[in-house]
Amino acid sequence: ASSRPAIRTTCAYCGVGCGVLATPDGAGGLTIAGDPEHPANFGRLCVKGAALGETVGTKGRLLAPRIQDREATWDQALDLVAQRFSETIAAHGPDSVGFYVSGQMLTEDYYVANKLMKGFIGSANIDTNSRLCMASSVAGHRRAFGTDTVPGLYEDLELADAVILTGSNLAWCHPVLYQRLAAAKAARPEMRIVVIDPRRTATCDIADLHLPLAPGSDAVLFNWLLSLSPLSPFCAEHVSGLDEAMAAAGQVDVRETGLDFGLLRQFLAIWQQTDKVVTVYSQGINQSDSGSDKVNAILNCHLATGRIGRPGMGPFSVTGQPNAMGGREVGGLANMLACHLELENPTHRAAVRDFWAAPGMAERPGLKAVDMFRAVEDGRIKALWIICTNPAVLMPEADRVARAIAGCDFVVVSDMFATTDTARLAHVLLPATGWGEKDGTVTNSERRISRQRRLLPPAGQARDDWRILADVAVRMGWPDAFGWQGPAEVFGEYAALSGVAGDLGSDFDISAHAGIDAAGYEALQPFLWPQSARRQGGRFFGAGRFHTPDGKARMLAVQPRLPEPAPDALPFRLNTGRIRDQWHTMTRTGLAPRLSRHLAEPFLEIHPEDAVRLGLAPATLAEVENPAGRAILRVLVTDRVRPGHPFAPMHWTGETGPSGRVDALVPGLTDPVSGQPALKSAAVAIRPF
Ligand code: SF4
């Protein structure tokens, strides 16, 4: 054990946002432990977090800027980026450029990118891989509550008498939150846990009831539940739209869920007889071409029964990435302004413009992720800056997206690594600091803002994303607005803007930290926002007004849309998702050998009936194909999946043995409200390889 003091920071990976105690060993390494005082995890870590110390260092890192594959100085690279963006904007207008950013960026990075694009370039063409993760929850929250606010806290999962998990494999995707739930269940075995998922996932290990519903039928199930829900007096006082929502709910045919009536009756009894219910939902709900409606179908049930904003109650969307929530707050999406202000609202736009002293605010929403890459493909976007993400692997129609990036006039990629599928397509590569090398903040799924802290020196010449963006902004002619000396100043400005937003009625309020100094920033403890009297024990809405004009939450009349039947030539519906021990395209987790012990290569979970029919023996290879792409995957025969609905993980690229590029198979279909792609469903053909 080292005698050096441990540094408090936050995990690099999922939206649970666990506190980490990291102790530098003085030789470039780190010892990692869970932070017993962090309210997200109280000392727990999952295997990914525990292995963080094995993922630092310079192995495989991009150590210096590159222009067209040749090493360059920072000045040369930054001058070129500023010049090409300025020239493109001058010739073709602000909407001819775009930023594609990431839920793994720190809030300070996000703030600067958003300020540069929306306030100074004057376009809202900045979108993020968080569009792929939780945009449907954002849209659902805004429609129901008037603001994108998660109403509950992690402790609500422990305080509930029933927890419903729908479209969420919490055990693998949010492991420490799952551990907290499992511990609560062990302490109170009478707590009911219901898992709603077409797959029998690891989360079912602690479930009293598993509902293996037909894929895509979630809104049918929740509408049916609503139609039989006990109505609460809360609903009469605080909610509008009940009659319309009930009328729509009464029209569904619950047989479309494919669920056995015995299971449905058990589920209904738990729902009707339990007051303290939390419904956790995640990508299985969001990643759908009707994801927003599915979210509202869930919110409707909680609003009708008044199970919201009180201990042990509420709908709870859990975010995938470490700072997906921070990105929502800071306006990192193409249709938002910072601090929950609205891009479509002229008063909000004017307030932000005045605060920034901005020359040319964006006046309309920009292109959302899928549309942004379509615009790259057809030449409407001529200069693209991709920061901290790998869209050539993770976007739907990933091969098409890779071709679009390859055909773009000018592509800048800021990353830690030069070897990602996206980085290889860049004209200019900018080395970025990564986890452990930079200071900033992140917000977890329960709205808790925590510090990430610098533990080690930057690798090579790597710089922080906020600084790279600011340096380009200065070169584009805006030195006064981008002249911060450090991330504390960026955060202090952001916090001051939240005060302006609060005056306009926004619920996002961290203005207590406006103008924070470096020492205060260094000492910043994890905190929930808002830090004002509007908060009720950290929960929202229990006795208060919602952020709608009449102060009432809105129930929506949800008309469920079931997936189109698969075409004859592509008879299987491929489901995609995460595995327990890897993260995104494995650029970091791939550095820790022990994280490959669990599942070492890309695979296809397929039902025994399908495997027999196709002649696929266990552990052989399957070719999975459709017109958009192709993957070669190891066959894993299991009845955890339904016949006709195989599953494959999303993490592997084309470089690691059999090609695991499963997002190449996913169509570019999006939810019309949120713009979130339907990553959970790709029509494919499967054959032995
Ligand atoms: Fe990190 Fe998430 Fe694991 Fe916590 S649960 S240690 S935040 S990956």
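Worth pointing out:
- Between amide H atoms placed 1.01 Å from N, distances below 5 Å from residue 103 occur with 129, 130, all of them 5 or more places distant or on a separate chain.
- Derived scalar couplings between HN and Hα for the range 112-127 equal 5, 4, 5, 5, 5, 6, 7, x, 10, 5, x, 10, 9, 6, 10, 9 Hz in order, rounded to whole Hz, by the Karplus curve 6.51 cos²θ - 1.76 cosθ + 1.60 (θ = phi - 60°), x for Gly and Pro.
- Listed values for the range 184-195 are Karplus-derived 3J(HN,Hα) couplings in whole Hz (6.51 cos²θ - 1.76 cosθ + 1.60, θ = phi - 60°), namely 5, 5, 5, 6, 10, x, 6, 4, 9, 10, 10, 10, and x replaces Gly and Pro.
- Flagged links, alpha-carbon separation over 30 Å, of 294/552; 368/680; 276/552; 48/115; 59/115: 48/115; 59/115
- Long-range Cα-Cα pairs in the range 258-404 (distance over 20 Å), rounded percent: 66
- Shape class of the range 155-252 from the alpha-carbon gyration tensor: oblate, with a/c at 1.5 or above and b/c at least as large as a/b.
- Helix-only mean residue ellipticity at 222 nm for the chain, each DSSP H run of n ≥ 4 adding -39500 (n - 2.57), per residue, nearest 500: -8000 deg cm²/dmol
- Spin-label model, residue 92/residue 550: points 7 Å from Cα along the beta carbon direction are separated by 4.7 nm.
- Modelled spin labels at residue 591 and residue 268, positioned 7 Å past Cα toward Cβ, are 5.4 nm from each other.
- Length gained on full extension, residue 378 to residue 228, computed as 0.36 nm times the residue gap minus the Cα-Cα distance: 49.1 nm.
- Put simply, the C-alpha atoms of the range 217-260 give a gyration tensor, and the ellipsoid matching it has half-axes of 23, 10, 7 Å, longest first.
- 3J(HN,Hα) couplings calculated from phi for the range 4-11 with the Karplus curve 6.51 cos²θ - 1.76 cosθ + 1.60 (θ = phi - 60°) are, in sequence order, 5, x, 6, 10, 7, 8, 10, 4 Hz; Gly and Pro show x.
- Measuring nothing but how far apart in sequence close Cα pairs (under 8 Å, 6+ apart) lie, relative to its length, the chain scores a relative contact order of 20 percent.
- Under 5 Å, built H, 5+ apart or other chain: amide partners of residue 417: 62
- Using all pairs of distinct alpha-carbon atoms, the Kirkwood hydrodynamic radius of the range 7-55 works out to 10.6 angstrom.
- Hull shadow area, averaged, the range 276-334 [alpha-carbon convex hull, nm²]: 4.8
- When you restrict to C-alpha pairs under 8 Å that are six or more residues apart and normalise by the size of the range 135-318, the relative contact order lands at 35 percent.
- Note that the range 135-318 shows a convex hull volume over its alpha carbon atoms of 103 Å³ per residue.
- The range 32-184 shape via C-alpha gyration tensor axes, a/c threshold 1.5: oblate
- The range 134-229: GluC sites (Glu not before Pro) in DSSP coil with no more than 11 other Cβ atoms inside 10 Å: 190
- With the convex hull of its Cα atoms as the shape, the chain has an orientation-averaged projected area of 27.6 nm².
- Taking amide hydrogens as placed 1.01 Å from N in the peptide plane, the amide H of residue 20 sits under 5 Å from those of 9, 10, 11, 35, each at least 5 positions away in sequence or on another chain.
- When the Cα gyration tensor is reduced to axis lengths a ≥ b ≥ c, the ratio a/c is 1.5 or higher for the range 572-688, and with a/b not above b/c it is classed as oblate.
All of the numbers you see were taken from the coordinates with simple rules; none came from a lab. Just so it is clear, the structure is predicted and the values come from calculations on it, not from any experiment. Counting neighbours? That spans all protein chains shown, and the Cβs are built from the backbone with ideal geometry, glycine included.
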